[in-house]
Amino acid sequence: MANTMQFDLVSPERSLASLAATAVQLPGADGDMTAMPDHAPTITTLRPGILKVDAPEGSSEYLVTGGFAQINGDGLSVLAEKAIPVAEVTRSHLDELISEARASHDAAKNGDDQTIVDDAAKMLADMEALGTHMSL
Amino acid sequence: MPSLKDLKNRIESVKSTRKITKAMQMVAAAKLRRAQESAEASRPYAERFNAVMAGLASSVGGSDSAPKLLRGTGSDDVHLLVVMTAERGLCGGFNANIAKLARAKAEELRGKGKTVKILTVGKKGRDALKRDFSDLFVGHIDLSEVKRIGYVNAQDIAKDILSRFDGDEFDVATIFYAKFQNVVTQIPTAQQVIPASFEETEGDESGAVFDYEPSEEAILAELLPKGVATAIFSALLENGASEQGARMSAMDNATRNAGEMIDKLTIQFNRSRQAVITNELIEIISGAEAL
């Protein structure tokens, strides 16, 4: 088959991956989606979750905490705030992220903007679901 | 005329100065390489980010529903100047140049009757501006404990700025930093971050019309605060590379000057030693002749 597209995963501090992929599964803000070559051009924000990359050489998974993805017909770039290869994620990583999310949730609760509180609560729930999903 | 002992001491002291400046130069060279690497590593993110933002901003920008970070508050009476400098000196004109640019901007804005507020990042800029503008300082962010600049540091600064913006403390924010050109040239730069402005990239290569998920506005609202952090992060990294570059060339000059000074002092030392010897000989000879 070998129908591939260029996949780039970059974080502000460095570029994490740049390879030819056959399909990439994204945790989109409105739901998971899979991008394959010749996907319609799309820009979507990401929620915390697992990014799964299928390449001819094998698949790899990354934990992302948010950011956005830009899909072109011939390529896909994911700009993540924080991205860690799943194999390197440990419980302590996750605990750190959860406590961060909890702190921002608590901070939001003191404010009066309900949407921010909801967002923070969702973030927290996403983070916790992630832990169960990865069975850590 | 200094005595021989004085000269000797002087030479020794200049020699140890030279050793120190030489060491500093080499440390700066090593750090510069690292700083340049991290500046380069951050570039893909910033470029893509700006490309997406430019597209989004041009399609949403005109409407009234555009987020405040993009549209501005509608006035430009209160300016926040974020002056980013180094924590340490001995790096040539690096800190002074940034401070000079910020000072000129502050004077200009004050001349126009605007209110100016200054947020300093890095101790040296604060020291340089303290004399003239200490009443305008609204805050200071200390990075002296930070060994290696990370995105987290930029996020903290951005958070500080954004919370001030949400509190209606200012209308326009400008960051000051030095862009790294090469080891001898660093260009002090002022860049407006709020309201955000994005350089149009030359012709979107695909010309594709994107689907946005969720809506364009929602994405823009989420990304604009990140844009501030990204701009600050790039500026911090540029600053880091500039600082080390400036320090390297300053220390190179200092090392060379010390070398010249040592040569000059050594000649002076040898001459006066010879004069002492000659004097003694004359005394001995004339003493012998007198007998």
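Every number in this text was worked out from the coordinates using simple rules, so none of it is lab data. Because the structure is predicted, anything quoted here is derived from the model rather than measured. Backbone-built Cβ (ideal geometry, glycine too); neighbour counts: all protein chains shown.
Numerical summary
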read-out	value
GluC sites (Glu not before Pro) within segment A:19-92: DSSP coil, no more than 13 neighbouring Cβ in 10 Å	A:E57
Cα shape, segment A:5-86, gyration tensor, a/c 1.5 rule	rounded
Relative contact order computed over segment B:73-135 (Cα-Cα under 8 Å; 6+ residues apart), in percent	49
Amide H contacts of A:G66 (H built 1.01 Å from N, under 5 Å, at least 5 apart or other chain)	A:G49, A:E81, A:K82
Residue mean of other protein chain beta carbons inside 10 Å, A:32-42	2
Cα gyration tensor, the protein assembly as shown - rounded (a/c under 1.5), prolate or oblate	prolate
Inter-centroid distance (Cα atoms) of segment A:2-66 relative to segment B:76-135, Å	42
Eligible aspartates and glutamates near B:K5 by straight Cα distance, threshold 19 Å, same-chain separation 8 or greater	B:D263, B:E280
Which listed pairs, of A:K52/B:K31; B:K147/B:K179; B:K31/B:K105; B:K123/B:K264; B:K68/B:K112, have C-alpha distances above 29 Å, in listed order	A:K52/B:K31; B:K31/B:K105; B:K123/B:K264
Spin-label model distance (nm) - B:R271 vs A:M36, 7 Å beyond Cα toward Cβ	8.8
Segments B:97-105, B:128-136, B:32-40 sorted - mean Cβ within 10 Å per residue, highest first	B:97-105, B:32-40, B:128-136
Shielding score for A:81-89, defined as the mean number of other chain Cβ atoms within 10 Å	1
Value at 222 nm in deg cm²/dmol, rounded to 500, when DSSP H runs of n ≥ 4 in the protein assembly as shown each add -39,500 (n - 2.57)	-18500 deg cm²/dmol
Gyration tensor (alpha-carbon) shape descriptor, segment B:38-247, a/c threshold 1.5	oblate
Shielding by partners - mean other protein chain Cβ count within 10 Å, residues of A:10-22	4
Calculated SAXS-style log₁₀ I(q)/I(0) at q = 0.12, 0.14, 0.16 Å⁻¹ - segment B:132-247, Debye, Cα scatterers	-0.57, -0.76, -0.95
Cβ crowding within 10 Å averaged over residues, with B:107-115, B:218-226, B:240-248 ranked highest first	B:240-248, B:218-226, B:107-115
Whole-number percent relative contact order across chain B, with pairs defined as alpha carbons under 8 Å at least 6 apart	32
Chain B: most fluctuating residue of B:T278, B:T174, B:T189 per GNM, C-alpha cutoff 10 Å	B:T278
Proxy reagent accessibility, fewest Cβ within 10 Å first, across B:Y212, B:Y45	B:Y212, B:Y45
